[in-house]
Amino acid sequence: MTTTAPDDVDPATRSITRLSVGVAVVLIALKAFALGASGSVAILASLADSALDLVASLTTFFAVRWAAAPPDAEHRYGHGKGEAMAGLVQAGLIFASALFIGWEAVRQIFDPRPVTSGYWAVLVVLVSIALTGWLVWMQDRAIQRSDSMAVKADRAHYAADLAASAVVLIGVVSGAFLAAPGLDAAAGLIVAVWLFWGALGLLKEAADHLLDRAVSDADRIAITTAVLADPRISGIHQLRSRMAGPVTMIQMHVDLEPSLTLEDAHAIIVGAEQRLLEAFPRADILIHPDPRGRTAPKADLQDGAPDGRKERSGAV
């Protein structure tokens, strides 16, 4: 079995989660000031979202550190699913934020209030957009290095905030300078719908990790292609895969010539593991050799083969 720990990606995730918490604190302070000056429901919606951003960022901050911990006696497969748990918490927080913002927006539509101090509100929203855009860019760079699901969830959250801030800007300008406070409330309602839609995506991804969804078809093809690159491996069966945070768990049985010595079979398996690690650097791999033609058929299913058939080529 070949295992790679996520320690090598930890510095990237640690750094970006600290930055995310810091940006959330700054945004809360700015939006609280803008809300006090303007009374805008769109600013209120954005402030409520930023407050939940801070909770979500703190959740991510601690989750990536727990997920990076090496396997122990109680968690033999490591702690990678801590990132999926963080994504689940973030989805729940975003749902709550969307409901609160939607309620306030609907109430404001039926009882509109004017937006005051529009210049301050616009300035704060523009600064928020700039800060959030910079954070999303930094998160993109961190994801390229770490492939952390928790950071991906945080990035999805802030990317939605970036688009939502643009809608808030339209609402504030409409309420303050166009004497149309109803548009300000409508902007808040659009933000709520946007957040709700984003939360559904986060919930699905987190659930896929927690329920051990198999890797994508493209990844399964890459797995079988890498293993079968050695002509001495004539088939793959009982292929299973799942994600645990940034770690790809891969298990399979392969068919080898029955006359091979144990040492030769071991060398073939090690070679297959090395090829897989080239395609999936952060992978936990378990390959079991079977003598070709002497393996009893299994009733259980495998990735990419619903009828339990063997993989005999690079395609799934």
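Where a number appears in this text, it was derived from the coordinates with a stated rule and is not lab data. Because the structure is a prediction, the values reported are computed rather than measured. Heads up, the Cβs are rebuilt from the backbone with ideal geometry, glycines too, and the neighbour counts pull from every protein chain shown.
Couple of notes before you dig in:
- Computed from backbone phi with θ = phi - 60° and the Karplus coefficients 6.51, -1.76 and 1.60, the 3J(HN,Hα) list for region 265-277 is 4, 4, 5, 5, 5, 4, x, 5, 5, 5, 5, 5, 5 Hz; x is used for glycine and proline.
- Trp197-Ala96 FRET efficiency (beta carbon distance; Förster radius 22 Å; 0.05 resolution): 0.90
- Förster-model FRET efficiency, 30 Å R0, Ile221 and Trp137, C-beta, rounded to 0.05: 0.40
- Phi angles across region 136-142 convert, under the Karplus curve 6.51 cos²θ - 1.76 cosθ + 1.60 with θ = phi - 60°, into 3J(HN,Hα) values of 4, 5, 5, 5, 4, 5, 5 Hz, Gly and Pro given as x.
- With a Förster radius of 51 Å applied to the C-beta separation of Leu58 and Glu278, the computed FRET efficiency comes to 0.90.
- Estimated at 0.36 nm per residue, the fully extended path between His266 and Val127 surpasses their Cα-Cα distance by 44.1 nm.
- Note that region 279-285 has calculated 3J(HN,Hα) couplings of 8, 10, x, 10, 10, 10, 10 Hz, one per residue in order, obtained from phi through the Karplus relation 6.51 cos²θ - 1.76 cosθ + 1.60 (θ = phi - 60°); glycine and proline are x.
- Amide H contacts under 5 Å for Val215: Ser241, Arg242, restricted to partners 5 or more places along the chain or on a different chain, H placed in the peptide plane at 1.01 Å from N.
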